[in-house]
Amino acid sequence: MATAGKVIKCRAAVAWEPNVPLMMEEIEVAPPQEGEIRIKVVATGVCHTDLYHLFEGKDKRGFPTVLGHEGAGVVESVGPGVTAFKPGDKVIPLFLSQCGECKFCKCPKTNLCDCSWSSKYHDIMSDPTTRFTCRGRPILQFMGTSTFAEYTVINQIAVAKILDDAPLDRVCLLGCGISTGYGAAVNTAGVTPGSVCAVFGLGAVGLAAVMGCKNAGASRIFAVDINEQKFEKAKVFGATDFLNPKAYNKPVSEVLAEMTNGGVDFSLECVGNTEVMRTALESCVKGWGVSVLVGWTDVKDFSARPIQLISGKTWKGSLFGGFKSKDSVPKLVHDYMTGKIKLDEFITHKMTLEQVNDAISLMKTGDCIRCILNISK
Ligand code: NAD
Ligand code: ZN
């Protein structure tokens, strides 16, 4: 590669500060250092967590940054010590790393790698050891990935090598939303055959949770959202019943309890709203109900009556669907290529990097499930 070992100047959408549109800029991307990989980003999804950082998060120190964490691309060059990747390999950047060495990676109970940016820098939601500069200033790498740029540099512990014939403009979705929702159902909740489930929030994460419940053999899947336009899609992924909490003059947990003789076996919160988290817990059946937090928020505390847990319910949370990232993402790509999981059905819009602010607006208004940005050919 003619660019190997040199600084690459390329286009990126920079978030200079919170609450303002991203700016198209020329950035400099340094060559990969020891153990790092420089990736040419081909396509990326836009996830609600990008919007969370830009608009909702309370810690404003994680700027300027390049957002984007649901991408796929091709290796441009590798740094010293990298042997498992070579230029031309198709890869998916991982916002959750898997170093394979820390006590968490060695434990089968969790996917939380201690070397991930989220262990040390979850407040700024970025990796400060950035390889980006713009206008003479360092630019942070959001979630350690920064896929709203033509090139990015990532440590090899946070990169998954995938099948050569994988379509990057679709499998990029496995970098976050789809793996997250699907895994939250099949891994974290551990949905069982014949069970009754409820999924709150029907964005890509929630729809993927519906797909997980269906693949795990759930007999009834309630799809809950305040935007009824989402119900048609939820049906495609296997939802059987549809509830708009605003259409009732009592809590939707009571509606669910009446419809299911006491509550659902599994509930998944895929909104990122502490009130909905409480409702999802209250919607579970006593004795064995399991409720999983998937939606992302660190703004407020949540609350619940202790009797909810004393009565035998379990409340748990899930990051990246509980998948050990480097091991699992290539398998999920294979599952898509062999028809075990859907991806195409999540994609409602396709745009270019220059249109990223339009894609963000579409997510905000709820008019889109996933918009794929084509970053480069
Ligand atoms: P999205 O914005 O596309 O979808 C959210 C959905 O929730 C929308 O359909 C919206 O109408 C619905 N909603 C809003 N308020 C509601 C309410 N009160 N009751 C029911 N439904 C309501 O978002 P997304 O990209 O699917 O992400 C969903 C959440 O998952 C976000 O909080 C995101 O940050 C989080 N997330 C978590 C992880 C993780 O690893 N835990 C990873 C990715 C995303
Ligand atoms: Zn995400």
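The values are calculated or read from the model by the stated rules, or taken from the named source; none is laboratory data. Here the structure is a predicted model, which is why all the values come from computation and not from measurement. Don't worry about glycine lacking a Cβ; one is built from the backbone with ideal geometry, like all the others, and counts go over all protein chains shown. In case anyone asks, the SASA skips ligands and DNA or RNA and just uses the protein heavy atoms, side chains included. Shrake-Rupley method; radii C 1.70, N 1.55, O 1.52, S 1.80 Å.
The table below lists the values:
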| item | result |
| --- | --- |
| Tally, over segment 318-340, of residues that are touching a residue at least 40 places away in the same chain (Cβ under 8 Å) and either open to solvent by 50 Å² or more (accessible area, probe 1.4 Å) or in contact with a His (Cβ under 6 Å, 6 or more places away or on another chain) (or both) | 5 |
| Among the residues listed as 268, 256, 281, the single one being farther than 21 Å from residue 180 by Cβ and within 16 Å of ligand 1 (Cβ to nearest atom) | 256 |
| Which numbered condition residue 39 fails, given (1) over 20 Å from the mean Cα position of the chain (by Cα); (2) within 13 Å of residue 150 (Cα to Cα); (3) not hydroxyl-bearing (Ser, Thr, Tyr) | (1) |
| Which numbered condition residue 89 misses (of (1) open to solvent by less than 40 Å² (accessible area, probe 1.4 Å); (2) within 16 Å of ligand 2 (Cβ to nearest atom); (3) closer than 21 Å to residue 77 by Cα) | (2) |
| Selection status of residue 359, within 16 Å of ligand 2 (Cβ to nearest atom) and open to solvent by less than 60 Å² (accessible area, probe 1.4 Å) | yes |
| Residue selected from segment 216-263 under the condition part of a loop (DSSP other than H, G, I, E, B) and of a type in the set (A, V, I, L, M, F, W, C), by the criterion farthest from residue 195 (Cα to Cα) | 226 |
| Segment 47-86 - residue that is polar (S, T, N, Q) and more than 15 Å from ligand 2 (Cβ to nearest atom) and, of those, least open to solvent (accessible area, probe 1.4 Å) | 77 |
| Residues that are open to solvent by 40 Å² or more (accessible area, probe 1.4 Å) and either under 26 Å from residue 369 (Cβ atoms) or assigned to a strand (DSSP E or B) (or both), drawn from segment 12-46 | 19, 20, 21, 23, 24, 26, 28, 40 |
| Residue within segment 283-298 that is under 22 Å from the mean Cα position of the chain (by Cα), open to solvent by 40 Å² or more (accessible area, probe 1.4 Å), aromatic (Phe, Trp, Tyr) and within 27 Å of residue 369 (Cα to Cα) present | yes |
| Residue match in segment 162-181 (condition: more than 16 Å from ligand 2 (Cβ to nearest atom), closer than 16 Å to residue 292 by Cα and of a type in the set (A, V, I, L, M, F, W, C)) | no |
| Only listed residue being in contact with a helix residue (DSSP H, G or I) (Cβ under 6 Å, 6 or more places away or on another chain), of a type in the set (D, E, K, R) and open to solvent by 20 Å² or more (accessible area, probe 1.4 Å), chosen from 164, 127, 123 | 127 |
